[in-house]
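To keep things clear, I will list the structure first and then write my remarks on it.
Quick note: the coordinates plus some simple rules give every number you see, no bench work behind them. Just so we're clear, the structure is a prediction, and the values are computed from it rather than from any experiment. Glycine gets a Cβ as well: all are built from the backbone with ideal geometry, and neighbour counts include every protein chain shown.
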Amino acid sequence: MSDSILIVHCAEGAKKALARMTEEGHELPPQFKTFELPCTGSVNEVLLMENLQNGANGVVVLGCRRENCKHLDGNLKAERKVARVKRLLSEAGVEGKFVEMVYAAPDEGKRLHETLLGYLRAGEAEDKSK
Amino acid sequence: MSDSIVAVLCDQQCSSKGPLQKTSLTKRLSQSSTIGKLILLDKACQDPEKKLKKVTGRKVLFGGCPYLEESGFYSLAAESLGLDPGEMLVTDVKSSILDLYDNSETIEENLIGRLESLGRLLADSAPLKDRPVKLKRNVLIFGSGYSGLKTALELSGEKLSVDLVETEEPPLAPGCLAAGLGSPGLIEELTERVRTSEHVAVFPQTQMGPIRSVEKGFTVSFGRGEPREYGAVIFAPERTEAPAEQIGAWNLTRLYEWIGERRPIKGRIVFVLDRSSETPPEVTQDILTAAKVIKERSHAEIWILLKHIRVALPGLQELYDSTREMGVIFVKYRNLRLHNEFGDFQIAGEDPQSGAPFRIDNPDRVIIPGTSGLSASAASAAETLGLRLPGGRYTQPYSLWRLANESNHPGVLVCGSARGNMDAEGVAADAASVVQTLRARMVPEGITPVEHIASVDADRCVFCLTCVRVCPYHAMEKNIEERVAQPVTTACQGCGICAAECPAEAIDMRNLSRESVLAAMQAL
Amino acid sequence: MIVAEQKPINMILDMLPENKRVLVVGCDTCVTVCLAGGEKEVKILSAALRMARKQFAEVKGISIERQCDGEFIAEIREQVAQSDVVLSMACGAGVQMMSDFFPEKAVLPALNTLFMGSNEGAGYWLERCLGCGDCVLDLTAGICPRTRCSKGLMNGPCGGSENGKCEVDPENLDCGWNLIYQRLKSLNRLDTLMPIRPPQDWSKSHDGGPRRLIREDVKL
């Protein structure tokens, strides 16, 4: 089921974190796709829900570390939207879909890689348990 | 399609995953309804002018690597092809595609997806012909202490008008006190020069109204006067020192007042450092300078209790050595107990190495430096300006160790002691650095709005004020006559938070509308 | 303005019949401003319904200016005709009017309408007015004794007022009559409290059937 995960990331720290990740030689499996926005603060519930509805299995919102957002707290606002969508998906009994908020600094290539792969494995585990 | 997108890719020969295969890519793109033509440049970074001659088109999507960006290839492209914002998009296909996936099939698929996706965004984009806005050549400086005065004088040489807001804070931050003592009347002299300068006007903080973002910068009213306009605002208050935590102990500010007034300090004087946190070197400098002055005037018995000595300032090691030579007693401690009977102290501790106990009975004066931070009035002014104050000390956004003069609010600069512990030389250097940054902002041609600024659909706006409240830059204004929210185009930084929060979906970012973004995500 | 909040989605799902065509209708006025039922919320709820545990034949989402004026409801006759059930994201007034227009359809409420209140700041709405039909705010310095006093007294406070708090919730609830007293005192108008006021005429409030307001000078 986890064959399509969209990573929505900001043009600042998160973009650099992804670049650092690939510089260090960490690659991602084909399930992942990336899309850049100026700030994760411009992500709202509609964007998350409609991507899931239109076929993505998961949306990962990747932003700068909590105190590093260039626009003060766009990343924190994104986190609240992600939390609301999580609750909604769970209460509505939606299966096979997820959203997650991830914070990354430009020097955290390895940790970012592990976190992202973790979401893939979680999805596969869910499939196997059915 | 009339507005057909031309995709221009560097063939990425230097990458282990390259070069890109023209035939296969062209074949896949032939089905595309967005991309009209594909041009592959062989090693784009080499001889760029020549390579760019191959490129023509009204809307161009470039795909390259970080080096291409750094080497100015895209600025050159924009210029030579005469492309405005909205007619060109750039994407790094190396870091985020070639290096991200391991097999060539996935790479090619994602490359096509990326081109289709961004092609879709570009197809929906309108060319922007913004006229640069010339900022008002006035600057507002908040703070009349050493930092503010120094900055005002630096700026008055720049053919700008400066308004200085006088605050009721002590004029020197802890860490600058040594400067005041070294040259008595320093503050008075600077104040005199500022007051007599024809470029500087002074206003009291009590009369200062709220700050607003406008097209040409900012406005502030003083008292009942007309709002005054500024191209930039400089936040330069002094940090103030908290009172010493113990009854009867002095903090440095009190000590320096006493010394400045030449009142006698005699007997047994004990300085206690490093109580709640490490003492910064600038504060250590203040303490050693004070100790020397006291010793010179009254030959008092002076003790300095500390955990570590930090001498990371020019001249501080020599100051430390000369202070020891004068007979000031330095004692390192652990487990310090300060027993305080309403100002009568008994001090006891242990040597950190040997564990041997020591005691100091009945000192005549105990001095404990207080932690420093912004005063309440400065903190509230920072809030009015929309400045982030992480940790209560540094007013800058990017990370806690990067002390830039540029705050998170474009056009609001931070100078001097508000940025951290600084001695007098540091403040002077900071003032000079602010002038540099200011020059870059107040360029004669003016500044151009960011491409993706907010755009409000007046028909959908319900005037709920959500965007006005949520904007990090105070860049959304209430237009009372039209009953809609309106962005201040030179203050808006295109973060998109207002668009995300608007309950009526009345706000879009220019050339990044919610519809285009969703369609672009689907096209991946 | 009218303040409402969304029902929990599992309750909404329980209301909706399976395998039918659902039309979600939002309202662009009060419920947009209190973030419960505007364009954005219509999209979020519609997407949730499409992916939920219950299957629907179709879920469509639209929004109209107001659901309390027939002219706007008339504009969506087509869309309603092509649905089996209508999920209204308007306040109770809107749900009822929609139901009057489309009596053959099930018109279901996605929101719980709460109160008439003010926006005290981002994300915080406070009940202010009960619609009692007999406003006495001139006598109480602009503080309502119906909503702010737990007993709705006209000559308060009662014995349960302690340290400016109401005994119903001494930590969080201010005694309304203490607020009235303090404000009248600062305005030098304590004399306003001297006359004993008669109890409220509740017949002017909701009292046996829906109230009507008719303006003969405006009727066509």
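Structural remarks
- Between 0 and 90 degrees, the angle of helix B:316-325 with respect to the longest Cα principal axis of chain B falls at about 10 degrees.
- For segment B:5-124, taking Cα atoms only, Rg and Dmax work out to 13.2, 37 Å respectively.
- For chain B, the list of Cys residues with no other Cys C-beta under 4.7 Å reads B:CYS10, B:CYS14, B:CYS45, B:CYS65, B:CYS176, B:CYS415, B:CYS461, B:CYS464, B:CYS471, B:CYS492, B:CYS502.
- Peptide-level mean, for B:514-524, of C-beta atoms on other protein chains within 10 Å: 4
- Listed pairs B:LYS37/B:LYS129; A:LYS33/A:LYS77; A:LYS81/C:LYS54; A:LYS70/B:LYS94; A:LYS70/B:LYS51; B:LYS27/B:LYS50 exceeding 32 Å between Cα atoms: A:LYS70/B:LYS51
- For the protein assembly as shown, with +1 on Lys and Arg beta carbons and -1 on Asp and Glu, the positive-most of C:GLN6, B:SER183, B:SER144 along the dipole: C:GLN6
- Hydrodynamic radius of chain A by the Kirkwood approach over all distinct alpha-carbon pairs: 14.7 Å.
- DSSP loop GluC sites (Glu not before Pro) with at most 15 other Cβ within 10 Å excluded, longest remaining stretch of chain C: C:105-166
- Over segment C:131-204, relative contact order from alpha-carbon pairs under 8 Å, at least 6 apart, %: 36
- Only DSSP H runs of four or more residues enter the estimate; each adds -39500 (n - 2.57), and after division by the residues of chain B the mean residue ellipticity at 222 nm equals -9000 deg cm²/dmol.
- Of the DSSP H helices in chain C, none is both long (alpha-carbon extent of 24 Å or more along the helix axis) and hydrophobic (Kyte-Doolittle mean at least 1.6).
- Beta bridges per DSSP, both residues in the protein assembly as shown: antiparallel share near 35 percent.
- For chain A, a simple Cβ point-charge model (Lys and Arg +1, Asp and Glu -1, everything else neutral) yields a dipole of about 300 debye relative to the Cα centre.
- A dipole drawn for chain B from +1 and -1 charges on Cβ atoms has a positive end, and of B:LEU313, B:GLY355, B:ALA432 the residue lying farthest that way is B:ALA432.
- Tilt relative to chain B, helix B:146-156 - C-alpha long axis, 0 to 90 degrees, to 10: 50
- Residues in segment C:14-54 that a label on B:ARG469 would reach, taking backbone N under 20 Å of a point 7 Å out along Cα→Cβ: C:27-42
- Relative to the longest principal axis of the Cα atoms of chain B, the long axis of helix B:424-441 makes an angle of roughly 20 degrees.
- Positive end of the dipole of the protein assembly as shown (Cβ unit charges, origin at the Cα centre): among C:MET98, C:CYS175, B:ILE97, the Cα lying farthest that way belongs to C:MET98.
- Spacing of the two label points (7 Å from each Cα toward its C-beta) at C:ASP174 and C:LEU187, in nm: 1.4
- Cα-Cα pairs of segment B:406-524 separated by more than 25 Å (percent): 42
- The distance from the alpha carbon centre of segment B:422-497 to that of segment C:145-200 is 45 Å, rounded to a whole number.
- Sequence-separation-based contact order of segment A:4-129, relative, with Cα cut under 8 Å and 6+ spacing, percent: 35
- Across chain B, Cα pairs under 8 Å and at least six residues apart give a relative contact order of 15 percent.
- The trypsin sites (Lys or Arg not before Pro) of segment B:16-107 that meet both conditions, a loop assignment by DSSP and at most 12 other Cβ atoms within 10 Å of the site Cβ, are B:LYS53, B:LYS54.
- Full extension of the chain between B:ASP42 and B:GLU215 gives 57.9 nm of extra length, using 0.36 nm per residue less the Cα-Cα distance.
- Dipole magnitude for chain C: computed about the Cα centre from +1 point charges on Lys and Arg Cβ and -1 point charges on Asp and Glu Cβ, it is near 140 debye.
- Phi angles across segment C:108-115 convert, under the Karplus curve 6.51 cos²θ - 1.76 cosθ + 1.60 with θ = phi - 60°, into 3J(HN,Hα) values of 10, x, 8, 10, 9, 7, 9, 6 Hz, Gly and Pro given as x.
- Placing +1 on the Cβ of every Lys and Arg and -1 on the Cβ of every Asp and Glu, with nothing else charged, gives the protein assembly as shown a dipole about its Cα centre of roughly 240 debye.
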